[in-house]
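Undergrad: Handing you a structure now.
The values are calculated or read from the model by the stated rules, or taken from the named source; none is laboratory data. Here the structure is a predicted model, which is why all the values come from computation and not from measurement. Using ideal geometry, Cβ is built from the backbone for each residue, glycine included, and neighbour counts are taken over all protein chains shown. Quick note on the areas: whole protein, heavy atoms, side chains included, nothing else; ligands and nucleic acids left out. Shrake-Rupley method; radii C 1.70, N 1.55, O 1.52, S 1.80 Å.
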Amino acid sequence: MNDDEVRRISQFFFLLLLNERRALSSASKAVQKAEILLKKNQNLSRDQAVVIATSEVCSGFSFQLAENFQSRFQNWRFPETADLNTWKDYLTHQRREEVLCLLWYRVLKVSDLDIATALNIQIGTVRFRLAKALKGLGLRIHEPGKSHEL
Amino acid sequence: MSFEYSKYKKRQITSFFGQGHLFDFYEKKLDPEREALVEDFVKFSRDAQLELETFKMGDDYLNLIRQAVPSDQFLQEAKKPNSYFYQLIQKSQYPYWPSGVRWGLESVVVIAFIVIAITILPWNKILYLSQGGLGREILLVELKKSDMQPLTGAETSVPDFQDEDLEKPEGLAASNVIVASENKIQEKETISKNEPTAKTQSVSQVVGALESASEESVLAVVPAQSVASKSVEVKAKLPKGIPEVIAGGYLYRGTLFVSGLASTSPKITERIESLGGRKAGEVALGWSRSPSSRYYHFTIPDAKYADLMSFMDQFGQLKISREKHPRVMPDGILRLIVTVEEAPQ
């Protein structure tokens, strides 16, 4: 895996977990798994391998997303205007598969078609999840603290 | 089937259709015709407009937090393997331990592996196989059932009272050996196959005294030529260390010299039997030990002893000596060993 792919995978897990130690451990696992998948299956695209690897790593999580939220980070730099509490609140209440789809689509820059192929689901399902995830995030930003059950 | 158009002659979409394609409209992934339809829908739908605004707000927020940049160290660590053993090494900072401690720990691990291997491996089997396996067997004794002949007659029967004190005959390869074992004495006599075998006698009364005895004792054997006219008292030597008080019975011995042994011996045998005498040993009454000797080992009622002595006196002078013996006879029964020999010319 090249540096850009490793960076994007690290970003993915960091935004998913909001914990440096867990993000590092998960990113390392996902990188190793993606490399193994690419070696085993030559027909698999890099984006699909990344989606499969990250999905497998996430399926092993026995904890809630952002459970060990860190208020301060040593190895990550954020824009000052970024409010992570909103993001933490979003991760806690939104459904996991919708959050994952959103991060794959927006952070890893994986197309909805590759996501559907990697997860073996319909593309309409992917777009439905993306719409719900984005709408839920928007509503939480627009009305923070209010329950936004969609 | 015909579709009704609105009064404006335009095809319109339902709110359900519009809401469902809103995200695709936002992402600009609709074909031009549908995009135009959804755009018209959005113009007249406040909810659709709000939803599009939420999409935009979410997207803006995501673009903001996506600007989080990891450090180079983080990226380097993410590229490394994440196995449990690797993590253990990293957390314990094993590479930074003192070299002496590291060498000691590694040597302990190696020694542990060696000890486990030595303990688990079946060295006996390995050595056995390396020495050629079955070729190392040593044959000590081989017996075939077909070669073994069963004992017949007196040799096979187990007498009530085992014969004993057989005088060592001339010319025969005989040896009396008493081997003191832990619990009993066994008197073994091996003779040539022409002679009947003498059974061993177990002495139960001397069990306790013989526990520490490990010596051999040999019966005193008196050759025939040294016997005088009078009976010779032959005493069996008890194994060393056994006091006489342990012997509870008596044995009567005697030797009789007669003329015409061949004719006299059957008469003696018949008389003993008529008086109630029975053989007390392995051999039969009047056993021909040698051409000039007959052996009588028998029991007789005490009441008939005098009659026997008077009968014997008509052939010669018989003097009986009594000696103590561990073998105990029932009350009223005497045990005698009488040797009848041809008188020298």
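Undergrad: Report yes if some residue within segment B:308-319 is closer than 21 Å to residue B:249 by Cα and at pLDDT below 90; otherwise report no.
TA: Yes: segment B:308-319 contains one or more residues that are closer than 21 Å to residue B:249 by Cα and at pLDDT below 90.
Undergrad: I want to confirm something. Restricting to segment B:96-107 and keeping residues that are exposed (fewer than 10 other Cβ atoms within 10 Å of the Cβ) and in a helix (DSSP H, G or I), which single residue is nearest to the chain's Cα centre (by Cα)?
TA: B:100
Undergrad: Whether any residue in segment A:9-24 is outside any loop (DSSP other than H, G, I, E, B), within 8 Å of chain B (Cβ to nearest Cβ) and surrounded by fewer than 19 Cβ atoms within 10 Å (Cβ to Cβ) is what I want to check.
TA: Scanning segment A:9-24, I find no residue that is outside any loop (DSSP other than H, G, I, E, B), within 8 Å of chain B (Cβ to nearest Cβ) and surrounded by fewer than 19 Cβ atoms within 10 Å (Cβ to Cβ), so the answer is no.
Undergrad: Among the residues of segment A:35-45, are any of a type in the set (Gly, Ala, Ser), in contact (Cβ under 8 Å) with a residue 60 or more places away in the chain and touching an Asp or Glu at 6+ places or on another chain (Cβ under 8 Å)?
TA: yes
Undergrad: Return the pairs, sorted by first residue and then second, in which the second residue is at pLDDT below 90 and open to solvent by less than 60 Å² (accessible area, probe 1.4 Å), the first residue lies in segment B:305-322 and is at positive phi, the beta carbons are less than 7 Å apart, and the residues are 6+ apart or on different chains.
TA: Here the result reads none, with nothing in segment B:305-322 linked to a residue that is at pLDDT below 90 and open to solvent by less than 60 Å² (accessible area, probe 1.4 Å).
Undergrad: Of all residues in segment B:122-151, which are assigned to a helix (DSSP H, G or I), modelled with pLDDT under 75 and not hydroxyl-bearing (Ser, Thr, Tyr)?
TA: Listed by number, the residues that qualify are B:133, B:134, B:135, B:136, B:145, B:147.
Undergrad: Let me ask you something else. Which residues, taken from segment A:95-120, are within 18 Å of residue A:5 (Cα to Cα), touching a residue at least 60 places away in the same chain (Cβ under 8 Å) and either within 11 Å of chain B (Cβ to nearest Cβ) or of a type in the set (A, V, I, L, M, F, W, C) (or both)?
TA: Scanning segment A:95-120 gives A:100, A:103, A:104, A:107, A:108, A:109, A:110, A:111, A:115, A:118.
Undergrad: Right, something else. From the set of residues in segment B:26-51 that are in contact (Cβ under 8 Å) with a residue 24 or more places away in the chain and either within 21 Å of residue A:139 (Cα to Cα) or assigned to a loop (DSSP other than H, G, I, E, B) (or both), which is least open to solvent (accessible area, probe 1.4 Å)?
TA: The selected residue is B:48.
Undergrad: So if I check each of A:74, A:42, A:94, A:11, which one is at negative phi and in contact with a Gly (Cβ under 7 Å, 6 or more places away or on another chain)?
TA: Answer to the check: A:94.
Undergrad: Let me spell it out: the conditions are (1) at pLDDT below 85; (2) exposed (fewer than 10 other Cβ atoms within 10 Å of the Cβ), and residue B:166 meets all of them except one. Which number is the exception?
TA: In the conditions (1) at pLDDT below 85; (2) exposed (fewer than 10 other Cβ atoms within 10 Å of the Cβ), residue B:166 misses (2) alone.
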